[in-house]
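The block underneath contains the structure these notes are about, expressed in structure tokens.
Each reported figure results from applying straightforward, stated rules to the coordinates on display, with no laboratory input. Not measured: the values here are computed from a predicted model. Here the Cβ positions follow ideal geometry from the backbone for every residue, glycine too, while neighbour counts run over all protein chains shown.
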Amino acid sequence: MSFFKRLKDKLMGNPDEEEKVVDGHKEESPETEVAESDAEKLRIDTATEAIATQPEVEEQPAIEEPQEPEVEESKQEEVQEIAIVEEQNVEEPVEEKKPSAWSITQKFKAGLEKTRNSFTSKVNDLVARYRKVDEDFFEELEDLLLQADVGFETVMELMDKLRFEVQRQNIKDTQGIQAIISEKLVEIYEQGEEDLIDLNIQPQGELTVILFVGVNGVGKTTTIGKLAHRLKSEGKTVVLAAGDTFRAGAIDQLQVWGDRVGCEVIKQSEGSDPAAVMYDAIRAAKNRGADVLICDTAGRLQNKVNLMNELEKVHRVISREVPNAPHEVLLALDATTGQNALVQAQTFKEVTNVTGIVLTKLDGTAKGGIVLAIRNKLHIPVKFVGLGEKMDDLQPFDAERYVYGLFADGLDKELQNSEE
Ligand SMILES: Nc1nc2c(ncn2[C@@H]2O[C@H](COP(=O)(O)OP(=O)(O)OP(=O)(O)O)[C@@H](O)[C@H]2O)c(=O)[nH]1
Ligand SMILES: [Mg+2]
């Protein structure tokens, strides 16, 4: 099967396994229709984008409408409050419906928009300027990849593969080079050691403990909320431990997420010993027969020895109370900090047994190539990526969807051509 056929199956899902979800309701229609509808979606998405890239038509000046009488300030506040409550209600987890493969693909596409706009437009520009593949073209391409934070080793590996492929297929023209880059990037990402992308969840009836670590502001607490939502939607009972007793407001922030997602939050007062919170939380989780306990911790600056000691203490308590726990130590890294994220990861790796990385705020950077650098440098799997601030914007990392996010526009054509 060709790369693009495989890619298409992955991005759109195997129609035999997919459930058709229309406006939140499962449809009982024959499954072949699903395939058609997804292919249709690709066409529509492509068409919509083509329309979106048309020069904008100037809007007609609006006819002035009579002004609404001014609402008193307190009333306005009331209205706003109601709006917020309604918004939260919208986010309340409803009867869970499985998102379609294509809708997850679209999340990657949206989350990688900044990187795509910056990187792909430069690649397009390069392709237009060069037309023919030669050594100068390769060198400029190399620079572009380095600028996108892909990382030196990965870029070198990719360039070797590209040169080889271009020679093998006797490619002269720069058109279509994006497709080959995509194929080779997926190949690089998926080669080598088996990645443990799936969370190490214990068998039914046993408690799984997940510890989050990372420096200030990288998105630990937010990610915990999103992950709790994801696990709950899989039918698991989740308890949260407010282990960040250091930063003012941190406990309340986790409580807000707990309320939103519908999880119990075990907490003590600000300034108390985080290890004691963990102890309480484990007891509570066990008493309630919870499946997963997710532990928040304070943002740690890696040079503060006492904070690192504290982390070790937390770890000790957890492993004493639950055999083989924590089952996951997830390091949150902020994608917008670029190469600095790699430095943080190295330090945390030395202090604690990091089992996976959550790369947050991928939507906020134009240098989304950092995913590849992390993989190459650290050999720790990127288990999840943060693609936005909404509850369902945390997605398991997926090399194919990631590459699609980088090159969506170029790949849509290839995917359509590979229809048969
Ligand atoms: N755009 C975007 N913003 C995110 C994402 N993840 C987290 N954030 C934002 O990042 C900010 C910091 O997130 P927190 O969850 O408070 O970070 P933290 O690591 O718990 O911070 P400390 O508790 O201070 O250590 C918040 O404004 C989040 O909304 C993401 O994937 N995309
Ligand atoms: Mg926090």
Dividing the alpha-carbon radius of gyration of the range 136-247 by 2.2 N^0.38 Å, where N counts its residues, gives 1.62
Taking amide H atoms as placed 1.01 Å from N in the peptide plane, list the residues 5 or more away in sequence, or in a different chain, whose amide H sits under 5 Å from that of GLY368. THR115
Would you work out which of PHE348, ALA298, GLY262 lies farthest towards the positive end of the dipole of the range 208-397, given +1 charges on the beta-carbon of Lys and Arg and -1 on that of Asp and Glu, about the Cα centre? PHE348
Could you list log10 I(q)/I(0) for the range 336-381 at q = 0.14 Å⁻¹, which the Debye formula gives when each Cα is one point scatterer? -0.30
Pairs beyond 22 Å (Cα-Cα), from LYS8/LYS132; LYS349/LYS390; LYS5/LYS184; LYS122/LYS413; LYS10/LYS172: LYS8/LYS132; LYS349/LYS390; LYS10/LYS172
What percent does the relative contact order of the range 276-355 come to when contacts are Cα pairs within less than 8 Å and at least six residues apart? 27
Stokes-Einstein at 10 °C, 1.306 mPa s, Kirkwood radius from Cα pairs: D for the range 208-397 in µm² s⁻¹? 97
Would you kindly state how much longer the chain becomes between ASN200 and GLN346 on full extension, computed as 0.36 nm times their sequence separation minus their alpha carbon distance, in nm to one decimal? 50.4 nm
For the range 235-289, shape from the Cα gyration tensor axes a ≥ b ≥ c, cut at a/c of 1.5 then a/b versus b/c, turns out oblate
Limiting things to C-alpha atoms, what are the Rg and the maximum Cα-Cα separation (Dmax) for the range 121-200, in angstroms? 13.9, 48
